[in-house]
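Heads up: the structure comes next, in structure tokens.
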Amino acid sequence: MKQKADKTLYALVDCNNFYVSCERVFRPDLWYKPVAVLSNNDGCIVARSAEVRALGIKMATPLHQVQHLIKRHKVHLFSSNYALYADMSQRVMHCLEQFAPDVELYSIDESFLDLSGLQWLDLTEYALELKKTVQQYTGIPVCVGIGPTKTLAKLANYAAKKWPKTNGVLDLSDSVRRKKLMRLTPVNEIWGIGRRTAKRLAIMGILTAADLARQPAERIQGQFNIVIARIVLELNGISCLSLEEVAPKQQIVCSRSFKPRLSDHAKLAEALASFCSRAAEKLRQQQSIAGSITVFIQTNPFNPDEPQYQRSTHIQLQQPCQDTRHIVSIAKQLLKSIYKEGYRYQKCGVILGNIRAAVQPQQLDLFQLVELQEADKNQSEQKLMNTIDSINKRFPKSITASASNLYNHWQYSVKHLSGRHTTNWHELPLVKCQ
């Protein structure tokens, strides 16, 4: 088992009620009022404010089952606005890059920061400044957990959210504070410990994080697997997971800065196709499929002598996929919709979101006939992608796939969709001064 000898320090920054917070940024009248965000087709609740949680409404509850609570307590509903959320996420991550040399985007609302070498700072004050900056620049509240391993940083973030006295920041660099928190933390709250694993651990008398930390890693590996053994080591301050080593990812981002700058649409599209191929490759490596695609472009924000332009756009897929050709085709179409002549672009990229396991059951269209022919087609596409991955593994970057077909029926009928306040000129919020 690979372990790191050097001292490490990580921070986990997690946005509070991210979807809800994004809606509240442009509706400040809704702060401290009950707000819920609905799924793609307004079918169930996928994000809740603290006020909604206090009503006893659970995550993924079908909307029709809690209509009486919605009306009685005047809960404000919003349809999922992924174009807004993706852009706000990008803004938050841009802020975080000012505070650490290396940032890993773990999900749309979470990032790990490598703070190794910054131990001489007052880390709590540093995290409070980070928290204040993100709130000021984006309007999104965050909590920060700090620890010598990613697992402990995640644990610190859990405590920072749970106990208001922390002011949203907790540093677990101190071993005494670490042990005290682990005695109070149920084992099922540890990052990477699922419900089934927690039940097995409970049978063994392991009920808290402290109980698990006291176990020999070799014994845990023999009874479970190397992943749980690494968690034991990480709870003891031994870093086993560096940035970008945790899978499966909830979001995959591929982008790059250009030298020299690109102005031609064809060259941008070619670069984007390469990023899409890499992102799809990562998606298949963790045996997942993506339900959304975001494309973004930007000029150099640090060159005031040149005209500035940055845009992102998003599409929610009707049928999640992992096929490089489909992803490239859709991404190119999205790029076409936001590309503007006359600018020298420094960066472009693609974000695959709404990621889930490829084997996970999915809801099918009630009126769609699933034929054996279609199943055979999907198997053929999978074999083709596997072949391309095998060739690229042996001869890196030798093949990139593209296609011209595009999903045409991806939009859902929703009733509570807010505006694309940051990505569409016609939907910018208006401020009236009187």
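Could you please give the count of residues in region 277-300 that are over 17 Å from the mean Cα position of the chain (by Cα) and either under 18 Å from Ala86 (Cβ atoms) or surrounded by 22 or more Cβ atoms within 10 Å (Cβ to Cβ) (or both)?
3
I need a count of the residues in region 301-324 that are out of contact with any Pro (no Cβ under 8 Å at 6 or more places or on another chain) and surrounded by fewer than 17 Cβ atoms within 10 Å (Cβ to Cβ).
Just the residues of region 301-324 that are out of contact with any Pro (no Cβ under 8 Å at 6 or more places or on another chain), to begin with: 301-307, 309, 311-324.
Imposing the further condition that a residue be surrounded by fewer than 17 Cβ atoms within 10 Å (Cβ to Cβ) reduces the set to 301-307, 309, 318-319.
Number of matching residues: 10.
Looking for something farther than 26 Å from Gly117 by Cβ, in a strand (DSSP E or B), in contact (Cβ under 8 Å) with a residue 12 or more places away in the chain and of a type outside the set (D, E, K, R) - is there at least one such residue anywhere in region 203-212?
Just the residues of region 203-212 that are farther than 26 Å from Gly117 by Cβ, to begin with: 203-212.
If we keep only those that are in a strand (DSSP E or B) too, we end up with 208.
So of that shortlist, the ones also in contact (Cβ under 8 Å) with a residue 12 or more places away in the chain come out as 208.
Then drop every residue that is not of a type outside the set (D, E, K, R), which leaves 208.
Yes: one or more hits.
With the structure loaded, tell me whether Lys33 is out of contact with any helix residue (DSSP H, G or I) (no Cβ under 6 Å at 6 or more places or on another chain) and surrounded by fewer than 15 Cβ atoms within 10 Å (Cβ to Cβ) or whether it fails that test.
For Lys33, the condition - out of contact with any helix residue (DSSP H, G or I) (no Cβ under 6 Å at 6 or more places or on another chain) and surrounded by fewer than 15 Cβ atoms within 10 Å (Cβ to Cβ) - is not met.
If only one of Tyr126, Tyr106 is among the aromatic types (Phe, Trp, Tyr) and part of a helix (DSSP H, G or I), which one is it? Don't jump to the end; show me each part of the working.
Values: Tyr106 fails: part of a helix (DSSP H, G or I).
One residue alone meets the criteria, Tyr126.
Could you figure out which of (1) more than 30 Å from Asn424 (Cα to Cα); (2) touching a Ser or Thr at 6+ places or on another chain (Cβ under 7 Å) isn't true of Asp102?
(2)
Gln90: among the polar types (S, T, N, Q) and surrounded by fewer than 17 Cβ atoms within 10 Å (Cβ to Cβ), yes or no?
Answer is no for this residue.
Mind checking whether some residue in region 203-215 is exposed (fewer than 13 other Cβ atoms within 10 Å of the Cβ) and either modelled with pLDDT of 95 or more or closer than 26 Å to Asp109 by Cα (or both)?
The answer is no; no qualifying residue exists.
Looking at Val134, Val176, Val187, Val169, which one is of a type in the set (A, V, I, L, M) and surrounded by fewer than 13 Cβ atoms within 10 Å (Cβ to Cβ)? Spell out how you get there, then give the answer.
On the way: Val134 fails: surrounded by fewer than 13 Cβ atoms within 10 Å (Cβ to Cβ); Val187 fails: surrounded by fewer than 13 Cβ atoms within 10 Å (Cβ to Cβ); Val169 fails: surrounded by fewer than 13 Cβ atoms within 10 Å (Cβ to Cβ).
Just a single option satisfies the conditions, and that option is Val176.
For region 253-270, give me the residue count where each residue is within 24 Å of the chain's Cα centre (by Cα) and modelled with pLDDT of 90 or more. Give the steps one after another, and end with the answer.
Just the residues of region 253-270 that are within 24 Å of the chain's Cα centre (by Cα), to begin with: 253-257.
Adding the requirement that they be modelled with pLDDT of 90 or more leaves none.
Qualifying residue count, region 253-270: 0.
Which one is nearest to the chain's Cα centre (by Cα), of the residues in region 11-46 that are among the acidic types (Asp, Glu) and more than 27 Å from Ala153 (Cα to Cα)?
Residues of region 11-46 that are among the acidic types (Asp, Glu), as a first pass: 14, 23, 29, 42.
Now restrict to residues that are more than 27 Å from Ala153 (Cα to Cα): 23, 29, 42.
Numbers: Glu23: 17, Asp29: 27, Asp42: 21 Å.
The selected residue is Glu23.
Return the pair list, or none, for Cβ contacts closer than 7 Å from residues in region 285-311 that are free of Cβ contacts under 8 Å to residues at least 40 places away in the same chain to residues that are in a strand (DSSP E or B) and hydrophobic (A, V, I, L, M, F, W, C), at least 6 apart or on different chains.
Taking only residues 6 or more apart or on different chains, the pairs are Gln310/Ile297.
Here's a check for you: in region 36-65, which residue that is among the aliphatic types (A, V, I, L, M) and part of a strand (DSSP E or B) is surrounded by the most Cβ atoms within 10 Å (Cβ to Cβ)? Break it down into steps so the answer makes sense when it comes.
Within region 36-65, the first condition is being among the aliphatic types (A, V, I, L, M), and the residues that meet it are 36-38, 45-47, 50, 52, 54-55, 57, 59-60, 63.
Pick out the ones that are also part of a strand (DSSP E or B) and you get 36-38, 45-47.
Details: Ala36: 27, Val37: 25, Leu38: 21, Ile45: 23, Val46: 15, Ala47: 22.
Checked region 36-65; the qualifying residue surrounded by the most Cβ atoms within 10 Å (Cβ to Cβ) is Ala36.
Check off (1) closer than 28 Å to Val25 by Cβ; (2) touching a Cys at 6+ places or on another chain (Cβ under 9 Å) for Glu129 and give me the number that stays unchecked.
All conditions pass for Glu129, except number (2).
Of everything in region 151-171, what is outside any helix (DSSP H, G or I) and touching a Phe, Trp or Tyr at 6+ places or on another chain (Cβ under 6 Å)? Give them in sequence order.
Once the filter is applied, which keeps residues that are outside any helix (DSSP H, G or I) and touching a Phe, Trp or Tyr at 6+ places or on another chain (Cβ under 6 Å), region 151-171 yields nothing.
The values are calculated or read from the model by the stated rules, or taken from the named source; none is laboratory data. Just so we're clear, the structure is a prediction, and the values are computed from it rather than from any experiment. All Cβ positions, glycine included, derive from the backbone under ideal geometry; neighbour counts span all protein chains shown.
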